[in-house]
Amino acid sequence: QPANADSGIRHPSGAWGQAQAGDRRIVMLHDGYRWRTRRASRHRRARNGYPHRVLNIHARTAVSRAMTPLGTKLARAGVTPDLITVIGTVGAVASAVIFFPRGWFFAGTMLIWAFVMLDIVDGAVARAGAGGTVFGAVLDSSCDRIADAAVFATVAWYYARHGERWMLLAALLCLILG
């Protein structure tokens, strides 16, 4: 197969992904320390033949259709996807720092959720405007990791102050491994 040909590998959902090799389907499995392949079984795939995803093909279309008018309006107003990404990250980090160390987990989670949902909006603005850039993609991914780190660090901070060692360990593991 030429190096520039599409391998057909789909984004893994969970611990396995699906690839197409010629006419036969193979499944990439992670058995704890390495990836291995085996033939796909019918029960491991969704009805459409693709691996299960967070948003299936129908939900992805519906969400995109719902966000397109908002993305178009924001793009016409001159709002860039990078600005939306930065606002979402700053809001999520500030919400985590303000609410989680105080133990106000529900209020903090709701505010963080609202700011994280801006991630959908920045994609709609990028599609409605001139399109995304490599810098924007790196910024989006980096800001997502910063927001995740802030959430787990502030949860760890809360449990460290309250002497709950196992919860502190769990939060630190999520911070390090996430």
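Those residues that are within 15 Å of residue 100 (Cα to Cα) and open to solvent by less than 60 Å² (accessible area, probe 1.4 Å), I need them from region 144-159; list them, please. Walk me through how you get there before you give the answer.
At the first step, the residues of region 144-159 found to be within 15 Å of residue 100 (Cα to Cα) are 147-159.
Passing the criteria: 147, 149, 150, 151, 153, 154, 155, 156, 158, 159.
State yes or no: is residue 85 hydroxyl-bearing (Ser, Thr, Tyr), within 18 Å of the chain's Cα centre (by Cα) and loosely packed, with under 14 Cβ neighbours inside 10 Å? The answer is no for residue 85.
Might you check whether a residue that is of a type in the set (Val, Ile, Thr) and farther than 25 Å from residue 156 by Cα occurs anywhere in region 98-118? No, there is no match, as no residue in region 98-118 is of a type in the set (Val, Ile, Thr) and farther than 25 Å from residue 156 by Cα.
Does region 92-113 hold any residues that are open to solvent by less than 50 Å² (accessible area, probe 1.4 Å) and either touching a strand residue (DSSP E or B) at 6+ places or on another chain (Cβ under 7 Å) or not β-branched (Val, Ile, Thr) (or both), and which are they?
92, 94, 95, 96, 99, 100, 101, 103, 107, 108
Within region 64-94, the set of residues being part of a loop (DSSP other than H, G, I, E, B) and touching a residue at least 40 places away in the same chain (Cβ under 8 Å) comprises 79, 80. Residues that are assigned to a helix (DSSP H, G or I) and either within 13 Å of the chain's Cα centre (by Cα) or acidic (Asp, Glu) (or both) within region 111-137 comprise 113, 116, 118, 119, 120, 122, 123, 137, listed in sequence order. Only a single item in (1) of a type outside the set (Lys, Arg); (2) assigned to a helix (DSSP H, G or I); (3) loosely packed, with under 12 Cβ neighbours inside 10 Å; (4) modelled with pLDDT under 90 is not met by residue 141, and it is number (4).
Comparison of 67, 110 shows that the only residue that is modelled with pLDDT under 95 and of a type outside the set (Phe, Trp, Tyr) is 67.
The values are calculated or read from the model by the stated rules, or taken from the named source; none is laboratory data. A quick note: this is a predicted structure, and the numbers were derived from the prediction, not measured. Note: ideal-geometry Cβ built from the backbone for every residue, glycine included; neighbour counts use all protein chains shown. These accessible areas exclude ligands, DNA and RNA; they are computed on the full protein's heavy atoms, side chains included. Shrake-Rupley method; radii C 1.70, N 1.55, O 1.52, S 1.80 Å.
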